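Everything on this sheet refers to the single structure shown next.
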Amino acid sequence: EIIRHVWPTTVVEESGLTRNVSLLRKCLGCVGGKYIENVPRRGYRFAGRLVEALDNEAAKDVPIEREDSPPEPTSAGSLPVLFHDSIEPHSSRWPHLCFAGIAVLLVSLALLNMIRVDGRRADMSLRAVQLTTNAPELSIISGAISPDGRYLAFGENTNLFVRQIGHVDTHRLQTPPHTTANFIDWFDDSSYLLVSGFDADSQRNVVWIACVLGGPPKIQFKDATLAKLSRTSRQMAFVRERNQLWLANADGTSPRLFATAENARVRFRPQFSDDDQYLLVAVERDVDARTQVLAYRLSDGARAVLFECDDDVRDMLLIKGDELIVATTLSVYEVESLFTKRHIDFVHSAAGAPRLLAEWKDAKAYSLQASKDGTRITAVKDQSQADVYIADLDDSGVRVSNVVRLTLDESTDRLSGWSDARTVLFHSSRSGNYGIYRQSIDDVRAEPVLVNERDNFRAVATPDLRGLWYFTSPPDLDSPIQLVRRPMNGGEPFVFNTTKSLARGVRCVASGPCVRMESASGQRVFYSFDPTDGAGVEIARTSPAANSSRDWDLSPDGTQLAVVDPAAKGIAVLDIQNVPVRRHVLPIPDAYPAAYTVSWDARSAGVYVVCIDEVEAVLLHVGLNGDSNVMLHRPNDPVRWVIPAPDGKHLAMQSWTARTNVWMLELAN
């Protein structure tokens, strides 16, 4: 009821109300609990004293409540209200006074929740509807609404389904064997689907056409992805080699290379303007990992930059030909997705200011698709949580098996290392703040190592396995972060320094040195330091591309660093035994996405590299001779980084436990 009355023009979930009440309490400081009261199974209410002053003289007789005077106890059925003696308790005015006090609270909540994106609030009436209800074990990969707004097509695992919106009957379509439907687009007549997928057998991206009324799929292109139809379904655009834009007729004939994004990769499906005269393309630049939105004129290939994005963009979609919907994700301690709209002027190569349409708390949004009139937009709502998984490694260290989830709870759990060959270290939000935990790979429950009122994270064991190096800070984004050492089983902490760098900034090896990394003037600077008192010297430095992955690792023998190097499209290996430091690059094959994270194997014979983009994910083992072996290669694979056990028999993996479904946003005309 509160949401309906206070936020009638914005999509707001109940979690947003909870979050903003918490924010109000923080703003009020130590007296926050004095004015905002929880009513079990009901919600929140103003718990201070309300005073009505009819005029200046009457106001003089009203007692003033001071900060140090606690509120009187209240029952569940009444609000504490202080009236002037001349006003009867049952006066018709008192409900208005109560409502006025509550209104002040709710208006504050509304302002906190709706002021986003250049201070503009949404100007459309929106309604959010959940269209699928799959469990985490059967997560949704993609979804798309039909042009007439009546049907939903969605992919799960290697299956593709169509369902009439508002009905439960679901029709399975034929798909190529062992192929997932990563992106779905509808033909204009709602009879066929254009699908971009991944063939697990051939390890290739494929584009095919599926008939909604039944029949076998028709393969259009191999080694192609991100296929999108024009609004009239007369032509299509698709992507090859991550940076090549191709055009073809809608039936797949006359494929031709249209343009190449130099020193960049195409991120999302290209979008046609209403008149089929322009193509809107989002690319990520290699030099700084920033997303640029470009407009190509189809007649001559002329290109113009419309705008750049600083936030983590998840998807884009043109509706009505010139209105661009952008889904971005903000992620610090909590994940939040924003839907904004910009007007695109293709003729003058201009983009309007963004306006907020909706926001999703604790979720990411992608796989955007709209009905032809632009009043219905579907998106995959990803409420996945970070978890730690464990896999067995073979003797060579390049093959994994028996992948199982280790952290069995509903909080955010992030891998940081091993405390011994069978015990994993991670930090978790299960206590409210981030705390450090350890868990045996043979156990189902974690043991707290350091849990207090601060956020403690990124813990690594000292070389003697008796202590921890970790980062700590108050749960405040503006507070400094401290690098601290403490005994594993408790004791006095030693504060080494304060830092703003969180790029997995400390590594230690058994019976050897520790290395820390700091960012300075756009460079990554590495220091060797004593694990007992932190004293040490600079050993190497490198210049990363701005905003790109800054992941690195120290080899188990303590002689080499491995650093993700986007400019070289590979992994830079630094031999820190020599002065000057010797450097060589392990290239990542062009067939795979850019490197995201790196970790050494237990024998210092090679590195594990996770490569990801919007299309696919792959876990590689790359030997020091440059040979690469695929360990995991699946579309939308949840693995983000891996750390092998000290004995090399197991692999801890930072992954995502998927909770994804298709939702629909209904917009007023």
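The values are calculated or read from the model by the stated rules, or taken from the named source; none is laboratory data. Here the structure is a predicted model, which means the values were calculated and not measured. Using ideal geometry, Cβ is built from the backbone for each residue, glycine included, and neighbour counts are taken over all protein chains shown. These accessible areas exclude ligands, DNA and RNA; they are computed on the full protein's heavy atoms, side chains included. Shrake-Rupley method; radii C 1.70, N 1.55, O 1.52, S 1.80 Å.
On a full-extension model of 0.36 nm per residue, what is the gain between residue 211 and residue 299, subtracting their alpha-carbon distance, rounded to one decimal in nm?
Using 0.36 nm per residue and subtracting the Cα-Cα distance, I get 28.5 nm.
Modelling each spin label as a point 7 Å along the Cα-to-Cβ direction, I'd like the residue 137/residue 634 distance in nm, to one decimal.
1.5 nm
Distance check, please: which entries in 381/649; 341/381; 228/341; 320/569; 222/649 exceed 27 angstrom between their Cα atoms?
Result: 381/649; 320/569; 222/649 exceed 27 Å.
Keeping the other protein chains in place, figure out the carbon and sulfur percent of the accessible area of the stretch 225-280, with a 1.4 Å probe.
Percent of accessible area from carbon and sulfur atoms in the stretch 225-280: 41.
Which order do 538, 1 take when ranked by solvent-accessible area (1.4 Å probe, heavy atoms of all protein chains), largest first?
1, 538
What is the extension gain from residue 222 to residue 567, computed as 0.36 nm multiplied by their sequence separation minus the C-alpha to C-alpha distance, in nm to one decimal?
Full extension of this stretch gives 121.4 nm more.
Determine the relative contact order of the stretch 206-318: mean sequence separation of Cα pairs under 8 Å and six or more apart, normalised by residue count, in whole percent.
Contact order relative to length: 15 percent.
Measure off, as a whole percent, the carbon and sulfur share of the 1.4 Å-probe accessible area of the stretch 137-224, all protein chains present.
49 percent
Pulled fully out, how much extra length does the chain show between residue 431 and residue 383, if you take 0.36 nm times their separation in residues and subtract their Cα-Cα distance?
Working it through step by step, the gained length comes to 15.3 nm.
Quick check: with the 1.4 Å probe, what order do 44, 296, 434 take by accessible area, largest first?
Descending accessible area places them as 44, 434, 296.
So if we plug the beta-carbon distance of residue 399 and residue 510 into 1/(1 + (r/R0)^6) with R0 = 25 Å, what FRET efficiency do we get, rounded to 0.05?
The pair residue 399/residue 510 has a calculated efficiency of 0.55.
Let me check something: with ligands and nucleic acids excluded, how do 168, 662, 335 order by accessible area (1.4 Å probe), largest to smallest?
168, 335, 662
Run the 1.4 Å probe and let me know the accessible area of residue 189, rounded to the nearest 10 Å².
100 Å²
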